[in-house]
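This report concerns only the one structure given below.
The values are calculated or read from the model by the stated rules, or taken from the named source; none is laboratory data. Since we're looking at a predicted model, the values are computed, not measured. Here the Cβ positions follow ideal geometry from the backbone for every residue, glycine too, while neighbour counts run over all protein chains shown.
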Amino acid sequence: MTEKVVIGNATLYHGDCLEVLAGLPDCFRIDGVLTDPPFGVGNFVQIDGDLKGRGINKGVAVEWNESGPPPELFAHLRKISKHRIIWGANFFNCFEPKGGAIVWDKSQSMPNFSKADIASCTHFKKTEIVRIPWTNFTVAHEAVTDHPCERPVRLYEWCIKYLPRCEAFLDPYMGSGAVGVACVNIGRGFLGIERERRYFDIACERITAAYAQGRLFA
């Protein structure tokens, strides 16, 4: 059963994104989509050796990355939103006919790790590069959860500012909530969906903390 949690101007759903989106009113629309879905490339976490991940997931193979989003999801996102940035677009071939692309340069030097990620973008018919270090060293010092695909909040803050102004964003693959935290930090509304119970709870905690931090300095 889908669970709904409202935190400030953020609405979070615990459930499958296809089911949650299908349950929203037919008139539902949102300004922006900013998401980083599973790439569908299988397990990418070492189960032995020196680079086995962090926290309770250390050395645990990823089981939710066997397939990416279905094509009908991308069609639905185009229907309900005006602007979109979707990371992993090179795996899904979801580039926008009249849009561009973003390349995130991670400054990664390790030979077995991706040096960059690629996103489709509805705005600007060009390819933009954003350089935000996210190496083994920076992840070890800056990551705040043990989600194996955690991304830096400042990457998503950059994405929000890159697009024409959107009052609210949808992330149908919320994970540990980094897009939601970025929305809180910049003063945007947020709708997030996550099916993994543990990461949904972490996202709720992070977004609650982001609002508390904002009130502290208000």
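Laid out as a table, the results:
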| quantity | calculated |
| --- | --- |
| Pairs, first closer than 20 Å to R206 by Cβ in the range 7-34, second part of a helix (DSSP H, G or I) and of a type in the set (F, W, Y), C-beta under 6 Å, six or more apart | G8/Y211; H14/F200 |
| Test: residue in the range 126-148 that is in a helix (DSSP H, G or I), touching a residue at least 60 places away in the same chain (Cβ under 8 Å) and closer than 18 Å to R78 by Cβ | no |
| Residues located in the range 90-126, provided they are of a type in the set (F, W, Y) and farther than 21 Å from R165 by Cβ | F91, F92, F95, W104, F113 |
| Selection count, the range 126-146, where residues are closer than 16 Å to E157 by Cα and either of a type outside the set (V, I, T) or surrounded by 14 or more Cβ atoms within 10 Å (Cβ to Cβ) (or both) | 8 |
| Output for the range 149-176, where each listed residue is within 17 Å of R206 (Cβ to Cβ) and either without any contact (Cβ under 8 Å) to a residue 40 or more places away in the chain or part of a strand (DSSP E or B) (or both) | E150, P152, V153, R154, E157, F169, D171, S176 |
| Pairs where the first residue, in the range 76-101, is touching a residue at least 40 places away in the same chain (Cβ under 8 Å) and the second is among the polar types (S, T, N, Q) and assigned to a strand (DSSP E or B), C-beta under 6 Å, 6+ apart | I86/T35; I86/S120 |
| Only listed residue being of a type outside the set (S, T, Y) and buried (at least 23 other Cβ atoms within 10 Å of the Cβ), chosen from G180, G189 | G180 |
| Helices (runs of 4 or more DSSP H) completely within the range 17-125 that count 3 or more residues being at pLDDT 95 or above and buried (at least 16 other Cβ atoms within 10 Å of the Cβ) | 17-23, 71-80 |
| Hits in the range 177-218 - residues which are among the aromatic types (F, W, Y) and part of a helix (DSSP H, G or I) | Y199, F200, Y211 |
